[in-house]
Amino acid sequence: MTLRIGHYALAGRALLAPMAGVTDRPFRQLCRRFGAALAPAEMLSADQRLWNTGKSQRRMDHDGEPEPRVVQLVGSEPQELADAARVNVDLGAHIIDINMGCPAKKVCHRHCGSALLADEALVERILDAVLRAVSVPVTLKIRTGTNSAQRNAPRIAALAQACGIAAIAIHGRTRADFFRGSAEYDTMRHARALIDMPLIANGDIDDAERARAVLAFTGAEGVMIGRAAQGAPWIFRDVNAYLATNQFATPLLRASKTEIILQHLASLYQFYGEHTGVRVARKHLGWYCRQLSEASELRPRLMAAEDSASQFLAAQRGFGQWAQLQAA
Ligand SMILES: Cc1cc2nc3c(=O)[nH]c(=O)nc-3n(C[C@H](O)[C@H](O)[C@H](O)COP(=O)(O)O)c2cc1C
């Protein structure tokens, strides 16, 4: 089965989930290299007055990324979102994704993100405005609803399809759940019964078998993987292989993973510069350390490094030794 979003036939069924503070350009490129069928950028405010900061400028940097490039917008004013979508398409976005899934207070107190799910009329006005503003495919990412008493994702999905949205991703938690508890997939299954546009299932999908089970249960065309890709960008290779062939991919050797980690570090230093690059790299190194049973000694050394040269060297030595243990 091919996952299609608008006129794009995607090469796999596993997508990277947008994650603010994680899915920067270096990480997106890495995940795409390992087969992520799409890699949306970190959410960008629709308020263009906020775009002049270094942070927003980096979020808008898609240099060298393969088509289709997905820009995710967060906002609550239909016209503001429509204008932001148009500008981003002019800047090279191939797909516009609208965030109605973020539960963060910083976002929700302005009635954005998942707070919008409580106002279906406003959802419709937003989707209409954005779809009228751009000719590229527009997708929507939502949660299952506001809270357990109000799981209206199936209604929102049907409404989105009627507006002309090209695909919908549903995270199996409500806004009130935040990240607590486990994701549920029943609501996605209910949505599936109401729509025939592509449905992307999201939430707690952390390996190939789970991806297949969620696809089978929900009837979704694709899965979106967030936290399980942190420290494991190669997960897309494993999930895509299993979904396509029913066979597990040969696991990557530790030496190959070490090489990938070092390349990731180098791309972070280049993208963020020395000071911020080292700090952003710490976060990823912490996640990569979860791969190592011997991480207790390496982790503090990686975290203590204050400059890129010593951080890189510590990673090279530490992960290199880990790889050698496998080779021995
Ligand atoms: C650190 C972090 C940042 C996130 N930022 C965004 C975001 O910018 N836009 C968005 O739609 N969802 C965001 N999410 C939600 C994820 O896209 C995804 O829906 C959620 O993590 C559930 O998927 P998972 O269980 O595979 O991680 C974020 C999640 C995390 C953990």
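Quick one: helix 295-304 against the long Cα principal axis of the chain, what's the angle to the nearest 10°, folded into 0 to 90?
Orientation of helix 295-304: about 80 degrees from the principal axis.
Per the Kirkwood treatment, what hydrodynamic radius in Å, one decimal, follows for the range 10-142 from the mean inverse distance over all distinct Cα pairs?
Computed over the range 10-142, the radius equals 14.8 Å.
Given 4 °C and 1.567 mPa s, compute D for the range 1-50 with the Stokes-Einstein relation, Rh being the Kirkwood radius over Cα pairs; round to the nearest whole µm²/s. Write down the numbers at each step before the final one.
Working: Rh = 12.0 Å.
So the translational diffusion coefficient is about 108 µm²/s.
Lys pairs in the chain, Cα-Cα under 20 Å, at least 8 apart or on separate chains: how many?
On the way: LYS55/LYS105; LYS55/LYS106; LYS55/LYS283; LYS105/LYS141; LYS106/LYS141; LYS257/LYS283.
Lysine pairs, 8 or more places apart or on different chains, close enough: 6.
If each DSSP helix of 4+ residues adds -39,500 (n - 2.57) and the sum is divided by the residues in the chain, what number results at 222 nm, nearest 500 deg cm²/dmol? Kindly include the intermediate steps, with their values, before the conclusion.
Numbers: 13 runs with 153 residues, N = 328.
Roughly -14500 deg cm²/dmol at 222 nm, from the helical runs in the chain.
Suppose we look only past 17 Å in the calculated P(r) of the range 126-204. What percent of the Cα-Cα pairs does that tail hold?
Counting every Cα pair in the range 126-204, those more than 17 Å apart make up 42 percent.
Using Cα atoms only, what is the angle between the long axis of helix 254-272 and the major principal axis of the chain, expressed in degrees (0 to 90) to the nearest 10?
The answer is roughly 70 degrees.
Could you rank the peptides 234-245, 57-68, 27-38, 2-13 by their average count of other C-beta atoms within 10 Å per residue, with the highest value first?
Numbers: 234-245: 19.7, 57-68: 14.1, 27-38: 23.2, 2-13: 17.2.
So the peptides 234-245, 57-68, 27-38, 2-13, ranked by packing, come out 27-38, 234-245, 2-13, 57-68.
In degrees between 0 and 90, to the nearest 10, how far off the longest principal axis of the chain does helix 308-327 point, with axes built from Cα atoms?
Roughly 80 degrees between the two axes.
On the principal axes of its Cα set, how long, how wide and how thick is the chain? Give whole Å, largest value first.
60, 46, 36
Once Rh for the range 101-169 is found with the Kirkwood sum over Cα pairs, what is the Stokes-Einstein diffusion coefficient at 37 °C and 0.692 mPa s, in µm²/s? List each step's numbers first, then the result.
Numbers: Rh = 12.2 Å.
In µm²/s, the coefficient is 268.
Taking the range 140-287 on its own, what percent of its Cα-Cα pair distances exceed 25 Å? Provide the component values of the computation, followed by the final result.
Numbers: 4587 of 10878 pairs.
Considering the range 140-287, 42 percent of its Cα-Cα pairs are separated by more than 25 Å.
None of the figures in this text is laboratory data; all of them are computed from the coordinates on show. What you see is a predicted model; the values in this text were computed from it and never measured. Cβ: placed from backbone, ideal geometry, glycine included. Neighbour counts: every protein chain shown.
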